[in-house]
Structures are given as C-alpha cells and as structure tokens.
Amino acid sequence: MPELPEVETVRRGLQPVMEGAKIVTAEARRGDLRFPFQPDFVKRLQGQTVKGLGRRAKYLLADLGSGDVLLMHLGMSGSFRVVKPDHEERPGEFHYPRGKDSVHDHVVFHMSSGADIVFNDPRRFGFMKIIGRGEIEHEPHLKDLGPEPLGNEFDAAMLARACAGKKTSLKAALLDQRVVAGLGNIYVCEALFRAHLSPRRLAATLATRKGEPTDHAKRLVEAIHTVLNEAIRAGGSSLRDHRQTTGELGYFQHSFQVYDREGEPCRTDGCEGVVKRFVQNGRSTFWCPKCQR
Ligand SMILES: [Zn+2]
C-alpha cells in the first residue's frame, strides 16, 4: 500500500497539469471503485477549475472552483498516469507495466492543459469522493487523523504526549493514524532502525512521568523526518504498484536499511548484528536486535 512519500510523489506529478487547469470532461468508466461513485460525481467535476492540489496523510485533495473538494485515495494498487497529447500518437512507445492494463483505467480527467489524467486501479481499493469544503472536518476518512509527520506541529513533545501511558509497542503506536498520519509498515521500520529503537519497546517510554519527551522521542522524530524526506526526494519506493505519474519507478527501495533485508548484515556503523523479521500486529517487522533497543 502506498505510504506518505508515494502519495506525495503522485501529488507532485499531478500538480503541474492539474493546478490552474479546468476539468473539461470527466469519465467514470464503472459504477464503483471501493465505494460507488456519487450519482452526480461527473457533473460536479466537469467545467471546474482545480485551484489547488493538496495532500492530507495518504489522501489527495483537489480544491475546485465550485467550493467542492475532490478527495482521492490510491488504495492498494491505484495509480495516476498523465498522458500528454504528443505522447499518445506514438504506438509502441507507451507500454503499460504489468497489471496496469487499460482495462483498469477507471477514471479519466480531460484537462484544459491538454493532458489526460488517468486513474488505474486493478484491485479497486482506491476511491474518489466529492465533498463540500465546509464538510472536510466532519469527513469520516479525515476527521480522526493525527498530525502530518512533516508538518510544523509534529515534534517530540507532541509525539510524547500522544504516546504517554500507552501500553502498546512503539511499532503499533506509529502505525496508528491518530498518533501520526501517513506512516505505514515500511517507513515505520526504517524510522525505528535509524533511531536505534526497538519496535517492541513500549510506546510509553517516549514520555517522562511528567509527559515530557525523552531523548528517544527526539531521536525518533528526527528519524521520521529524515526517512520521509529522503523517500520523497527519491520518488517513493516502487514495491508492488507504485509508479510516478510519468510511469517511472521511484527508487527509495534501494535505500532501505532494514525493510525486506532479513538475514542480511546490519548497516549501522560498527554493529555486527543481522536483520531479523517477525510478525507484529499482522505485519512483518524488520529490525536489528543488536542496535535497536
Ligand atoms: Zn545493528
């Protein structure tokens, strides 16, 4: 499932062809994705100018001239592709990666910029929904989300407050979207490794008795910032279905320090440990038991 860096990569790919452009026509080629499309979905999009394209956690939000907001989620396998007119007429040049057959092109926006924006989603766990701008704070998908990990409000003090007294593991706490929004399995494993903290450590140990941040909390916030920023710069990680809107692969997977490296030597300077894997909350955790405490 795409995590924050992958969704941010998609946002940056769509921004130049969406922002300031009008959705001349929109096509929903089937009745549903994960949820049915609203009956007036196409009508509320057509003729609208996209004022801005933002992101909240793993959701993309397109602000429309009408005051509506188009909420978009990639699900497990959703991807956007930008097709420019000069690319379309050259047969053979544009080929679909495996699993991106055009039969799964479910939504198309024909933009006044000349570009077509195509949403492809073989497994159809993604969704699109139009909401009024005033309804955003009540929107069920958004209302319980915690702070953005790269936003100004997310710091060691805030993380410590969210984790104080928590009897869950640090790994589980970081995956909890109410504690911090947009992190998934890959980047939580990577951040914990870089902070030298065990995924099994109690979340409560990020706070002192008075609820103030410990050094662990400070180290962890720094590691989260570093790993997310590096991943965004690399265009995300191309595992399973993630591609940039140009069809290019992200390459952060080559920078994984622990994720998917079971049995390989630890990359911490001077550590002679070996990366281990175990299943935690139903997902694989990768870590070095020697230098993550
Ligand atoms: Zn190690």
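The values are calculated or read from the model by the stated rules, or taken from the named source; none is laboratory data. None of the values given here were measured: they were computed from a predicted structure. All Cβ positions, glycine included, derive from the backbone under ideal geometry; neighbour counts span all protein chains shown.
Yes or no: Arg209 farther than 22 Å from Met76 by Cα, more than 14 Å from the ligand (Cβ to nearest atom) and in a loop (DSSP other than H, G, I, E, B)? Yes: the conditions hold for Arg209. Just to verify a result, which residue in segment 262-293, among those that are under 13 Å from Glu190 (Cα atoms) and touching a Leu at 6+ places or on another chain (Cβ under 8 Å), is nearest to the ligand (Cβ to nearest atom)? Checked segment 262-293; the qualifying residue nearest to the ligand (Cβ to nearest atom) is Gln292. Looking at segment 28-51, can you tell me whether even one residue there is touching a strand residue (DSSP E or B) at 6+ places or on another chain (Cβ under 6 Å) and more than 20 Å from Ile131 (Cβ to Cβ)? Yes; the residues of segment 28-51 include at least one that is touching a strand residue (DSSP E or B) at 6+ places or on another chain (Cβ under 6 Å) and more than 20 Å from Ile131 (Cβ to Cβ). Taken over segment 241-258, the residue count meeting the criterion of being modelled with pLDDT under 95 and within 16 Å of the ligand (Cβ to nearest atom) is 1.
The set of residues from segment 13-65 being surrounded by 15 or more Cβ atoms within 10 Å (Cβ to Cβ) and closer than 22 Å to Leu145 by Cα comprises Arg34, Leu53, Arg55, Arg56, Ala57, Lys58, Tyr59, Leu60, Leu61, Ala62, Asp63. Whenever a residue of segment 277-293 is in a loop (DSSP other than H, G, I, E, B), its partners that are among the β-branched types (Val, Ile, Thr) and within 9 Å of the ligand (Cβ to nearest atom), lying with C-beta atoms within less than 6 angstrom and at least six residues away or across chains, give the pairs Cys288/Val275; Cys291/Thr268.
May I ask you to verify whether His216 is in the same structural domain as Lys171 (by TED's automatic domain parsing) and out of contact with any helix residue (DSSP H, G or I) (no Cβ under 9 Å at 6 or more places or on another chain)? No.
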